[in-house]
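One structure is given below, encoded as structure tokens.
FYI, it's all coordinate maths here, none of it is from the lab. Every value quoted in this text rests on a predicted model; they were computed, and no experiment measured them. Reconstructed Cβ throughout: ideal geometry from the backbone, glycine too, with neighbour counts over all protein chains shown.
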Amino acid sequence: MIHVEQAQLRSMLQSGVEELSLDLNNDQIDNMIVYLTLLSKWNSVYNLTAIRDPKEMVKQHLLDSLSAAPAFKDAKNILDVGAGGGLPGMMLAITYPQAKVSMIDTVSKKTAFLTQAKTELGLRNVTVHTGRVEALQVKEPFDVITSRAFSELANFVNWSGHLLADGGQFIAMKGVQPKQEIDSLPAGWHVDKLQALTVPGLQAERHLVFIKKTQA
Ligand SMILES: C[S@@+](CC[C@H](N)C(=O)[O-])C[C@H]1O[C@@H](n2cnc3c(N)ncnc32)[C@H](O)[C@@H]1O
């Protein structure tokens with residue numbers, strides 16, 4: 001991306017961030033643009049995302065992920081399952097440097113990109129895992145487990161439930177309100193809250209689904 005285009009992308013991102021009323025400083029916005037540049041560069045070789053136009057990436061990846069960010073403001077230890085090119089995990093790690101953000105994906109070229117981006121962005125709060133989430137074992141369970149464009153809610157909960165701390169929650173990013181998936185949640189889990197999201201520059205429906213363990 002040439003310099004002029006980067007300035008345009010930055011101003012698009014900045015106005016979206018203002019529309020979302022997010023409290024991000026210039027360094028954080030700059031880091032998001034560095035991430036976007038890396039994603040765009042690696043995408044030509046690694047196929048990290050089908051969206052190739054950087055302006056569409058600002059809307060459909062960066063601002064889409066950032067529209068969910070307020071839901072994570074109190075999280076201390078987040079896992080992004082099926083993080084792919086790092087969405088929403090990278091946006092959360094830049095927005096909340098005080099939180100630990102782990103990302104997992106089965107595809108090693110995607111996690112190689114995430115590891116490189118972590119280094120280039122200087123994100124000390126990021127941990128990257130390669131493999132299936134079902135097989136992941138950690139010492140410290142997560143208080144929030146998230147995913148975007150990952151799987152049906154039942155699979156998400158069944159495959160990652162062992163990683164959730166007591167009192168923790170899943171926050172799934174979905175398009176249209178996933179009524180059927182909610183009805184098919186495994187026993188012992190319930191939807192605590194459903195939230196419609198507005199993404200600057202996008203008309204598409206977006207929802208957050210908050211899922212918690214049902215108390216016995
Ligand atoms: C459609 S992509 C979404 C990527 C990213 N979250 C986004 O919104 O751009 C789903 C990702 O989940 C990963 N995946 C699929 N099954 C998985 C599993 N069992 N454990 C971890 N990652 C998985 C895939 O490799 C893929 O990168």
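Some points to look at:
- Chain lengthening between Arg52 and Val34 when straightened (0.36 nm per residue, less Cα-Cα): 4.9 nm
- Each peptide in 120-128, 44-52, 151-159 was scored by the mean count of other Cβ atoms within 10 Å over its residues; highest first, the order is 151-159, 120-128, 44-52.
- Estimated [θ] at 222 nm from DSSP helical runs (n ≥ 4, -39500 (n - 2.57)) normalised by residues in the chain, nearest 500: -11000 deg cm²/dmol
- Taken as entire DSSP H runs, the helices of the chain that both span 15 Å or more between Cα atoms along their own long axis and average -0.5 or more on the Kyte-Doolittle scale are 26-46.
- Whole-Hz couplings from phi, Karplus 6.51/-1.76/1.60, listed for segment 83-98; x for Gly and Pro: 5, x, x, x, 10, x, x, 5, 5, 5, 5, 6, 5, 10, x, 7
- With R₀ fixed at 22 Å, the C-beta to C-beta distance from Thr115 to Ser44 puts the FRET efficiency at about 0.75.
- Considering only the chain, percent of DSSP beta bridges that pair antiparallel, nearest 5: 40
- Computed extension gain for Val176 through Gln137, at 0.36 nm per residue and net of the alpha carbon distance, reaches 10.9 nm.
- Mean projected area in nm² (Cα convex hull; one quarter of hull surface) for segment 3-213: 10.9
- R0 of 41 Å, Cβ-Cβ distance His207-Ala7: FRET efficiency to nearest 0.05: 0.80
- Summarising the label geometry, the points placed 7 Å from Cα in the beta-carbon direction at Asp183 and Ala165 lie 3.6 nm from one another.
- Segment 130-177, relative contact order in percent, only Cα pairs under 8 angstrom and at least six apart counted: 49
- Check: the chain dipole with +1 on Lys, Arg Cβ and -1 on Asp, Glu Cβ, in debye: 340
- Sorted into 5 angstrom bins from 0, the C-alpha pair distances of segment 1-122 split as 2, 11, 24, 26, 22, 12, 4, 0 percent.
- Taking every alpha-carbon pair under 8 Å whose residues sit at least 6 apart, segment 1-63 reaches a relative contact order of 43 percent.
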